[in-house]
Amino acid sequence: MRSEADTRAPKHPDRARPGLFVGLLAFGLVAALGADHGGYFPTAWGWAALLAAAAGIIASLLCGARLRRLELASVLALGALAAWTLASVAWTGSVGASVLEAERVVLYLAVLTAALLIVRKRTAAALLIGVWAASAAVSAYALATRLFPERLTTVDPIAGYRLSAPVGYWNGLGVLTALGALLGLGLAARASTPLFRALAAASLPVCLPALYFTFSRGAWAGLSAGLLVLLLVDPRRLQLTTTLLAVAPATALAVWRASASQPLTHDGYSVAAAAAAGHRLALLVTGSAVLAAAATAAEVALERRVRLPNRTRTTLGLAAATLLLAGSAGLVARAGAPLQLVHRSKAAFAAPLPRVDGSLNQRLFSVSGGPRFILWSTALRDFRAHPALGSGAGTFESYWLLHRSIHSKVRDAHNLYAETLGELGAVGLALLVAALGLPLLGARAARRHPLGPLALAGYSIFLLHATFDWDWELPVVTLSALLCGAALLAAGRGPGAPRGRLGRSIPAALLLVLLPASVLGLLGNRASAASARAASRGDWRLAASGAHDAARFEPWSSEPSRLLGEARLAAGDDAAARVSFGRALAKDPDRWDLWLALARASRGRARTADLARARALNPLSPELDLFDVEIGAPSDAGNRSRKANDRAIQVVIR
């Protein structure tokens, strides 16, 4: 067991500037993506990939940065996944969707490569600090929207009263705040200065109430798993446990008061009532943050005065681990035999979500997965239908609409691994597992770094949570995790510079290829977005102009032709609209909404045929039922949909 001086991050004036640069880069990337709807929309991918590729090229060419073998293997695995995703264009039913999926993976590849080229072992801590600071900032803003609703009003009919802004998805915001809380705890224990340790501790009473208001059960499970990994892997778990005990009272007080405030956890209260409760909770959160910082400062002072012998530390650490394992074993024993526990857990997860009756607290303490079992089984059915290559990247939504038995409209399988298996086959899943799993091989060497176990724990949150949700489609979540993975690899680096030219030439060449691809994606996605915004305002001339621009930058996509068709249809030129929709369908023949758009521009038998094709691709579509009513066509689709939904509900209950 090393002494405090050995495990504390050393202070070197000459290392301050590189560390500050790395921390600011990480903070800027995560914070900007978090503010931009979590980076969900394609317009955010181009600029982020462009900046990352440029930074990585500069680090490689001007600073001579190189990758070690494990780092290079991680980059190549993610690059192979990007290539396989793009290759699925050859067999996909939606070229545009597959190319968009490839663009997102290109973003991840550019950021991971650049991070590994820029970050050194001595700046790995700064990388984690940047991710923590951005996560805490996003969490603080999210919490402020709940505490000051009269000033920061956010209305999301899909989220209901669950906290989702600015990311746009409550579970995505939840896992980001969970990551910020875990990194805050680790930095409160291991930061290099007492002031910084106190600041990190003060973030916990902010992040965890924000996490609570997301009512994200998966995020709490991810946080628990990450904390368990940290306690098991960290060689100085006793000191970490001491920090945890120091900040726990103030943090628990903030979370408890958040959960007990009915205007902030129940639907139906007025803005004035919510604001009054929010203002009171804001004062308590501020006081709790001050208490957590003061408790950590007292712990730092105690550490400097009290020095336990190594044997005593080891004994106490083993005792804490034994208590943890004994408590876990007791919970398992109380739940029943292992097989009974598995059956009970499966039944509880498959059960329908409870009725909240206005109180979201009831939902938080349910283990029901809702329709996730149905989504996962659909993804596995997709794999069985296309075992070798998959159905093509980005095609789960089309497959779900074709085969769904409930009305839920989803785009993703809520399981990264199952969805990848269905869309990209066994090869795609193997590449994904390699890309995400290779950084874990550096965990053993990283344990010697003061923050190496923390990087592993933060990365573990994502690996677990991606099993239950669509984190992969939220770049702010995935990139925060990949930066933790990069910090893990950097923390495990040995002394000396890497040998060979491959560690420099391959990443540089890869980034040089990604640079123009990022520019092309940026221009095309921005043009499509500008056309869509113009269409939403009813400016059809500008919408048509933007569609023409988008077609030049992304000729493979059906979206520019669809947008142009909508503009022509609004202008009353049905014949030209049919031509545009036909071009879109030539690229994406499995998009039911394009067939509906074509039907709107058609008449007679052609319209009937187009509607039949749309119905075949989306049998339970309420939009098609509404269109039938609009044109006065007889249809029994509504009855068929209701019967199918009743059967699906019975399956979920069983």
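The values are calculated or read from the model by the stated rules, or taken from the named source; none is laboratory data. These numbers were taken from a predicted model, which means no experiment stands behind them. Neighbour counts run over all protein chains shown; Cβ positions are idealised from the backbone, glycine included. Only protein heavy atoms, including side chains, enter the accessible area calculation; ligands, DNA and RNA are left aside. Shrake-Rupley method; radii C 1.70, N 1.55, O 1.52, S 1.80 Å.
Some points to look at:
- Cβ-placed point charges (K, R +1; D, E -1), dipole of the range 513-598 about Cα centre in debye, nearest 20: 160 debye
- Taking 0.36 nm per residue of sequence separation and removing the Cα-Cα distance, the LEU302/VAL629 pair yields an extension gain of 110.3 nm.
- Contour minus Cα-Cα distance for ALA445 and ALA260 (0.36 nm per residue): 62.2 nm
- All alpha carbon pair distances within the range 419-576 were sorted into 10 Å bins beginning at 0; the resulting P(r) in whole percents reads 10, 22, 26, 21, 14, 6, 2.
- Computed from backbone phi, the HN-Hα couplings of the range 18-25 come to x, x, 5, 4, 5, x, 5, 4 Hz, rounded to whole numbers (Karplus: 6.51 cos²θ - 1.76 cosθ + 1.60, θ = phi - 60°; Gly and Pro given as x).
- The range 121-195 - accessible surface per residue (Å², probe 1.4 Å): 31 Å²
- Rounded accessible area per residue of the range 495-639, 1.4 Å, Å²: 51 Å²
- Net charge of Cβ neighbours under 10 Å - reference ALA490; Lys, Arg +1; Asp, Glu -1: +4
- Classification of the range 34-177 by its C-alpha gyration tensor yields an oblate form. The axis ratio a/c (a ≥ b ≥ c) is 1.5 or more, and b/c is at least a/b.
- Carbon + sulfur, % of accessible area of the range 370-499 - ligands and nucleic acids excluded, 1.4 Å: 64 percent
- Between the range 75-133 and the range 207-286, the alpha-carbon center distance in angstrom: 32 Å
- Reported to the nearest whole Å, the Cα centre-to-centre distance from the range 359-421 to the range 593-617 is 27.
- Apportionment of accessible area to carbon and sulfur, the range 227-311, percent (1.4 Å): 69 percent
- Net lengthening on full extension, LEU232/VAL290 (0.36 nm per residue, minus Cα-Cα): 18.0 nm
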